[in-house]
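Student: Let me begin by handing over the structure; questions about it come next.
The values are calculated or read from the model by the stated rules, or taken from the named source; none is laboratory data. These numbers were taken from a predicted model, which means no experiment stands behind them. Note that we place each Cβ from the backbone using ideal geometry, even for glycine, and neighbour counts take in every protein chain shown. When the accessible area is computed, the model is the full protein with side chains, heavy atoms only, and any ligands, DNA or RNA have been set aside. Shrake-Rupley method; radii C 1.70, N 1.55, O 1.52, S 1.80 Å.
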Number of protein chains: 2
Amino acid sequence: MAETSNRIVVIGAGFGGLEAAMRLGNSAARVTVVDQRNHHLFQPLLYQVATALLATSEIAWPIRHLLRRYRNIEVLLGTVVGVDKDVKTVLLEDGAVLPFDQLVIATGARHAYFGHDEWEPFAPGLKTLEDATTLRRRILTAFERAEREKDPARRAAWLTFVIVGGGPTGVELAGTIAELARNTLPGDFRNFDPADARVLLVEAGPRVLAAFRPELSDYAAKALARLGVEVLAGQAVTDVSSGKVALGERVIAAETVIWAAGVQASPAAAWLGLPPADRAGRVKVEPDLSVPGYPDIFVIGDTAMVMSEGRPVPGVAPAAKQQGRHVGATLLARLAGDRTPRPFRYRDQGSLATIGRKAAVVDFGWIRFRGGLAWWLWGIAHIFFLIGVRNRLAVALSWLWIHTTGSRSARLITQRDIAQRDPAAEDG
Amino acid sequence: MAETSNRIVVIGAGFGGLEAAMRLGNSAARVTVVDQRNHHLFQPLLYQVATALLATSEIAWPIRHLLRRYRNIEVLLGTVVGVDKDVKTVLLEDGAVLPFDQLVIATGARHAYFGHDEWEPFAPGLKTLEDATTLRRRILTAFERAEREKDPARRAAWLTFVIVGGGPTGVELAGTIAELARNTLPGDFRNFDPADARVLLVEAGPRVLAAFRPELSDYAAKALARLGVEVLAGQAVTDVSSGKVALGERVIAAETVIWAAGVQASPAAAWLGLPPADRAGRVKVEPDLSVPGYPDIFVIGDTAMVMSEGRPVPGVAPAAKQQGRHVGATLLARLAGDRTPRPFRYRDQGSLATIGRKAAVVDFGWIRFRGGLAWWLWGIAHIFFLIGVRNRLAVALSWLWIHTTGSRSARLITQRDIAQRDPAAEDG
């Protein structure tokens, strides 16, 4: 084939895209990685930035620095607005056109409001570093407002935190906000006791951590209750507006509502002119992760609806990484002239979730455990998966410090002026 | 006197206000500290956040946490809009009114554009954490744009960094940006060599670091030149617009211009209905730091024009701290019934400035030195002055890491979407 046949474009440098690119590092391919942000983000710890436990720089790394040693890889900061799957080009927002021979789309997902996008200003989600610092500002500002509020009902609303969605992110957020109120903040305020803050975790399904076995869900619910979190399972949010959340008839006055439910895939299906495969807007792919009819275009991670052994692959970091590695290997084989389709098979490496700084649940399939040991395992695993010795040291130091002293190092209200006091106005 | 005579309000929790409040901690006074931000900021290291060396949380601490052990001190997050010096009240933006018996105004200063505020969007300054992350975004984005730019002249403009003002902040910024380009970034880009970046330091006066002795200024200029910084002393900026800086006839094409010149005091003079004492808008104070005719209102730090032994006190952190301690002691004496005016006397503890990560200048008056030893002294002094063991450890780790590996941990482009690509548009 001609020299131009090995141009590979990877869109998105999350877990999947980064793995695919690294697999192609120092190969004969000419690889271009495009991302609209300059950093790869360790999303599983994003909730710790939102709750002032970790600094932003502890969980994010410049993409081009991560790929610097691969001389055949170029990193572009840019926003993709379209893909021409027949002419084989990627169109960027600034008008640039990137031709490709093979394309990997790994553009992830955002939280979804199930057709209620009007709730977003009142119930922001957590997918980016900016989301995390926005949530951090809102949570910390709520306590500041409570300190200045003289009306008891208004103060109670500032001290009520509702987390919607009982998956790992929701459970982890609820646990750390409860600990913030009960362990970190007492003594800092004069006009109320931060321990009076209410943290509610609302889950539409029958139990939290639905991806785990029921006994681990039960354990998590009890551990949350011990931290003071009120778990409202089997209750769906029917409306969110400024300062209020409705669960059917019941209306909760809460100034801080956090959305940790639902998934909306990136608009890759629209770029490709394909019908979305499901409500989340994902792209249906062949067993080898390529788009039906377009064997040179792959979609992986949260953007793809992938089946493995008859079951849908969950939208978790290890699955995205495995898919990235798989597509990388497929593309390497093609560079060597082997175009045999290679079906992807998901290996479930188990699930982990923490509840505060003392409890966790771990389910490896063949073994399940919970409690303090699970927490340590969770911590060690996450430090191991962080990129770079420096970040491992920094996060280990932060956690050790928090664990020993209870005080949090990143309690910063940034980005907006304090003058901007209406939480609805700022995003609306 | 009545019980209400010991209400003390401190506006601003920078170096001066925090010291004053701490001095009054656990006294008979009822102290309210008002700040428009929730954090005390270690401004001398702000340039390291702007240049991706340190994380935001390493140099900022929640004010109320710093003051938590003083049960007589209340911290309010709020923006002051006025002071009634006769009725003795402070007015907040949200309409709240804080009565006081004694008032300490310690609201600092911002950079000034000498009547050219229209330059600000093109040449942002560095006073707050948001300023620092904005500068960090601009500096890092400039390299990203250079990677995508095909026109050599446009690329050169993206790779030209102009710092206006040759004081310690300007010198430190120029040195660290030069090191970023020459030590940290090479290898990360494919389409240009980051070491080709130009860093220009423009100083209207005859030499950089004018507050130091001429031989230390000379040394600093030579150390900057060794790092590749072009020092343009004796040249005044006559215009700044999008992508351009004019120094009289000479026009430099530069997409990144940073303002490190000039000082504009907070609007305390306007609040008090007093004529500003100088061009920077500072408030003239009596030898005991009180406002003439208003012995119960003190103005300290960068907001005050203070004379000590016939000479103006410089606007540096140690001076603000000394003034805060002085006013704190004065107020304590008043609580004990002693209203004798106590004149403030500034003790010059010397000046320090770094040039990159290997050189520094130190002038203690009785001894001056420079070079590697001065750098270590600078580093140790700054770690010592940081608040809290955790931050000392974290900053020491960050610096050790940077010093050993040359790589920077906080290379994050945040806050704005990458879609926003016109640096002039975002602030304009």
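Student: So how much accessible surface do A and B hide from each other in total, probe 1.4 Å, in square angstrom to the nearest 100?
Tutor: Adding both sides of the contact gives about 5400 Å².
Student: Next up: Going by accessible area, probe 1.4 Å, with all protein chains left in place, what is the ranking of B:401, B:375, largest first?
Tutor: B:401, B:375
Student: Would you count, across chain B, every pair of lysines whose alpha carbons are under 30 angstrom apart, provided the pair is eight or more residues apart or spans two chains?
Tutor: 16
Student: Please report Rg (one decimal) and Dmax (integer) in Å for the Cα set of the protein assembly as shown.
Tutor: 28.3, 95
Student: Per residue, how much accessible area does the stretch B:247-321 show when a 1.4 Å probe rolls over the protein heavy atoms, in square angstrom?
Tutor: I get 43 Å² per residue for the stretch B:247-321.
Student: Hey, can you find the accessible area per residue of the stretch B:164-213 for me, probe 1.4 Å, expressed in square angstrom?
Tutor: Value for the stretch B:164-213: 29 Å² per residue.
Student: Sticking with this structure for a sec: Computed FRET efficiency, Cβ-Cβ of residue A:349 and residue A:279, R0 41 Å: what is it to the nearest 0.05?
Tutor: 0.95
Student: For residue B:369, put the label point 7 Å out on the Cα→Cβ axis and report which residues of the stretch B:173-217 keep their amide N under 15 Å from it.
Tutor: none
Student: Only Lys, Arg, Asp and Glu count, each charged at its Cβ (+1, +1, -1, -1), so figure out the dipole size of chain A about its Cα centre, rounded to 20 debye.
Tutor: 1220 debye
Student: Something else: For A:58, A:118, what's the largest-to-smallest order of accessible area, 1.4 Å probe?
Tutor: The residues order as A:118, A:58, largest area first.
Student: Calculate how many DSSP beta bridges within chain B are antiparallel, expressed in % of all such bridges and rounded to the nearest 5.
Tutor: 50 percent
Student: Continuing with the same structure: Name the residues whose placed amide hydrogens come within less than 5 Å of the amide hydrogen of residue B:355, ignoring near sequence neighbours (fewer than 5 apart) on the same chain.
Tutor: B:360, B:361
Student: OK, next. List the residues of the stretch B:174-212 that lose 50 Å² or more of accessible area once all protein chains are present, compared with their chain alone (1.4 Å probe, heavy atoms only, no ligands or nucleic acids).
Tutor: Buried-area filter returns B:188, B:190.
Student: Kindly report the accessible area of the stretch A:1-130 per residue (heavy atoms of protein chains, probe 1.4 Å, no ligands, DNA or RNA), in Å².
Tutor: Solvent-accessible surface per residue comes out at 33 Å².
Student: Let me ask something else. May I ask for the angle, rounded to the nearest 10°, between helix B:129-148 and the longest principal axis of chain B, with both axes built from Cα atoms and the value confined to 0 to 90°?
Tutor: Between helix and principal axis, roughly 10 degrees.
Student: Here's a follow-up. Please find the FRET efficiency linking residue B:381 to residue A:309, where r is the Cβ-Cβ separation and R0 is fixed at 45 Å, and quote it to the nearest 0.05.
Tutor: Efficiency, rounded to the nearest 0.05: 0.15.
Student: At 1.4 Å probe size, what's the solvent-accessible area of residue B:399? Round to the nearest 10 Å².
Tutor: Surface accessible to solvent at residue B:399 totals approximately 20 Å².
Student: Let me ask something else about it. Could you estimate the translational diffusion coefficient of the stretch A:268-310 from the Stokes-Einstein equation, with Rh from the Kirkwood formula over C-alpha pairs, at 10 °C and 1.306 mPa s, in whole µm²/s?
Tutor: Answer from the Stokes-Einstein relation: 155 µm²/s.
Student: With viscosity set to 1.002 mPa s at 20 °C, what whole-number translational diffusion coefficient in µm²/s follows for the stretch A:76-204 from Stokes-Einstein and a Kirkwood radius over Cα pairs?
Tutor: 120 µm²/s
Student: Separate question: Given the whole protein assembly as supplied and a 1.4 Å probe, what does the accessible area of residue A:305 come to in Å², nearest 10?
Tutor: 50 Å²
Student: Report the full-extension gain for the segment residue B:94 to residue B:233: residue separation times 0.36 nm, less the Cα-Cα distance, to one decimal in nm.
Tutor: Difference between extended and current length: 45.5 nm.
Student: With all protein chains present, calculate the accessible area of residue A:154 using a 1.4 Å probe and round the result to the nearest 10 Å².
Tutor: Here the residue's solvent-accessible area equals roughly 90 Å².
Student: Could you work out what % of the accessible surface of chain B is carbon and sulfur, using a 1.4 angstrom probe and leaving DNA, RNA and ligands out of the count?
Tutor: Accessible surface attributable to carbon and sulfur in chain B totals 55 percent.
Student: May I ask you to derive the relative contact order of the stretch A:1-147, considering only C-alpha pairs under 8 Å and at least 6 residues apart, and to give it as an integer percent?
Tutor: So the answer I get is 30 percent.
Student: A further question follows. Short version: which residues of the stretch A:140-169 lose at least 50 Å² of accessible area, all chains versus chain alone, 1.4 Å probe?
Tutor: A:144, A:148
Student: Need the per-residue list for the stretch A:37-58: every residue with at least 10 Å² less accessible surface in the complex of protein chains than in the chain by itself, probe 1.4 Å, sorted by number.
Tutor: Going by heavy-atom accessible area, the residues of the stretch A:37-58 that drop by at least 10 Å² are A:37, A:38, A:39, A:55, A:56, A:57.
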